[in-house]
1. Determine the pairs where a residue that is open to solvent by 20 Å² or more (accessible area, probe 1.4 Å), located within the stretch 79-106, has a partner that is of a type in the set (F, W, Y) and within 16 Å of ligand 1 (Cβ to nearest atom) with Cβ atoms under 6 Å apart, the partner being 6 or more residues away or on another chain.
2. Of everything in the stretch 162-186, what is open to solvent by less than 10 Å² (accessible area, probe 1.4 Å) and under 23 Å from E98 (Cα atoms)? Give them in sequence order.
3. Among the residues that make up the stretch 287-294, is at least one of them in a helix (DSSP H, G or I), more than 30 Å from D56 (Cα to Cα), among the small types (G, A, S) and open to solvent by 70 Å² or more (accessible area, probe 1.4 Å)?
4. Looking at E13, E44, which one is out of contact with any Lys or Arg (no Cβ under 7 Å at 6 or more places or on another chain) and away from ligand 2 (no atom under 16 Å from the Cβ)?
5. Of the conditions (1) under 27 Å from M1 (Cα atoms); (2) of a type outside the set (K, R); (3) in contact (Cβ under 8 Å) with a residue 12 or more places away in the chain, D43 clears all except one; give me its number.
6. Scan the stretch 201-218 and report the pairs whose first residue is open to solvent by less than 70 Å² (accessible area, probe 1.4 Å) and within 16 Å of ligand 2 (Cβ to nearest atom) and whose second residue is part of a helix (DSSP H, G or I) and of a type in the set (V, I, T), with Cβ atoms within less than 7 Å and a gap of 6+ or a chain change.
7. Which ones in the stretch 65-88 are farther than 13 Å from M306 by Cα and touching a strand residue (DSSP E or B) at 6+ places or on another chain (Cβ under 6 Å)?
8. Within the stretch 179-192, identify whether any single residue is touching a Lys or Arg at 6+ places or on another chain (Cβ under 8 Å) and within 16 Å of ligand 1 (Cβ to nearest atom), and answer yes or no.
Amino acid sequence: MLLSVVVPVFNEEQAVNILISRIREALRGFDWRLLFVDDGSTDETLNIIHGTALDDNRIQVLSFSRNFGHQAAVTAGLDFANGDAVIVMDADLQDPPELLPEMVRLFEQGYDVVSPQRICRRGETWLKRTTATIFYRTMATMVGSRLTPEVGDFRLFSRRAVLAIRSFREQHRFMRGLVGWLGLREAILPFERQPRAAGETKYPMLKMLRFAWTAVASFSALPLRLSIAAGILLSCAGFGYLFYVLYLALFTNILVPGWASVVVLQCIFSGMILLALGAIGDYVGRNYEESKGRPLYVVENAFNIMPPESDIVRATILDGATVRNSSVYGTRGMDASNVVADIEEHRAVNSLRF
Ligand code: UDP
Ligand code: MG
């Protein structure tokens with residue numbers, strides 16, 4: 001059985017070496033490939049992983065032309081990974097590689113998805129933990145029970161699950177939602193999330209909120225429906241007030257004070273209308289971007305990677321980024337000079353770009 005491990009990386013120069021050695025250790029005795037998807041790193045990450053890929057052709061590298069985001073990097077990894085089972089994990093060792101053999105064992109029992117579930121999150125701030133809890137609760141109402149709580153993108157997929165996920169080519173992606181939507185047979189494996197081994201989180205608060213909104217908007221039209229509910233509620237309140245004013249004017253001597261209530265109502269209604277328009281605008285905007293059908297990512301270079309089994313829809317693989325495989329040039333010792341030249345040329349290109 002071949003196991004592919006997909007790791008999206010963005011400026012993780014301090015973490016990748018530790019990750020590689022821990023994966024090597026954890027997967028001793030397995031037939032494995034480690035596929036790094038470099039999401040436009042601007043530090044030494046790409047050079048480091050290229051260096052190790054040169055020594056070990058089980059390490060594969062795909063590099064994007066710029067930063068396309070974590071979800072796009074995971075998508076590319078799943079498009080190119082050719083294992084019988086594919087595991088997606090972060091580069092920062094928050095997801096412990098030591099869990100991989102246990103995940104494979106569950107896969108061999110016939111599960112299509114194996115989802116490690118965080119029972120505690122070490123080294124994460126109170127704010128991150130609280131927002132994450134709110135996020136999972138909100139998503140549970142929006143997407144329904146199909147979303148497994150406290151499960152991130154660290155997961156194992158069977159070959160057929162990977163093929164199924166590949167068929168989703170939407171621009172605004174929320175992988176966890178897609179996996180839940182498919183409804184595959186899933187095993188849950190509780191684990192303790194570790195603190196980051198090195199470096200900073202690439203998901204600061206604002207980016208996380210944007211991601212949460214993408215998740216909501218790509219899985220549910222509930223925010224739009226909420227504005228209908230709010231509209232009905234406010235209209236009812238307005239009519240109630242109207243009857244009250246009519247009553248005061250016709251049956252009592254009280255003079256109805258006018259402008260204060262008008263200002264209040266005006267503010268409430270304008271606010272609600274703008275909010276609803278904003279939500280509609282956001283959905284229309286997403287629709288517009290989707291209708292352009294642009295690629296989800298652009299691959300600038302690939303190394304130690306087999307050509308994809310079938311055409312990849314909505315992805316651009318730049319000319320010259322031909323899927324290079326060190327075994328094509330001969331294994332190390334036979335004609336490694338080609339590969340070295342190749343890598344040197346690649347480094348030169350990249351250092352120009354950086
Ligand atoms: N990442 C990426 N592109 C991005 C942001 C992050 O490929 O634009 C990678 C990052 O290198 C890491 C993984 O995605 O391997 C998860 O990011 P991070 O650990 O910063 O997120 P957190 O665990 O803090 O939510
Ligand atoms: Mg992380």
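The values are calculated or read from the model by the stated rules, or taken from the named source; none is laboratory data. Keep in mind that this is a model prediction, so the values were computed, not measured. When we count neighbours, we look across all protein chains shown, and the Cβ atoms used for this are built from the backbone with ideal geometry, even at glycine. Calculation scope for accessible area: heavy atoms of the full protein, side chains included, ligands and nucleic acids excluded. Shrake-Rupley method; radii C 1.70, N 1.55, O 1.52, S 1.80 Å.
1. What qualifies is L99/F191.
2. Once the filter is applied, which keeps residues that are open to solvent by less than 10 Å² (accessible area, probe 1.4 Å) and under 23 Å from E98 (Cα atoms), the stretch 162-186 yields only V162.
3. yes
4. E44
5. Of (1) under 27 Å from M1 (Cα atoms); (2) of a type outside the set (K, R); (3) in contact (Cβ under 8 Å) with a residue 12 or more places away in the chain, only one is false for D43: (1).
6. Pairs that qualify, where the first residue is open to solvent by less than 70 Å² (accessible area, probe 1.4 Å) and within 16 Å of ligand 2 (Cβ to nearest atom) and the partner is part of a helix (DSSP H, G or I) and of a type in the set (V, I, T), are M208/T131.
7. S65, H70, A73, V74, A76, D84, A85, V86, I87, V88
8. yes
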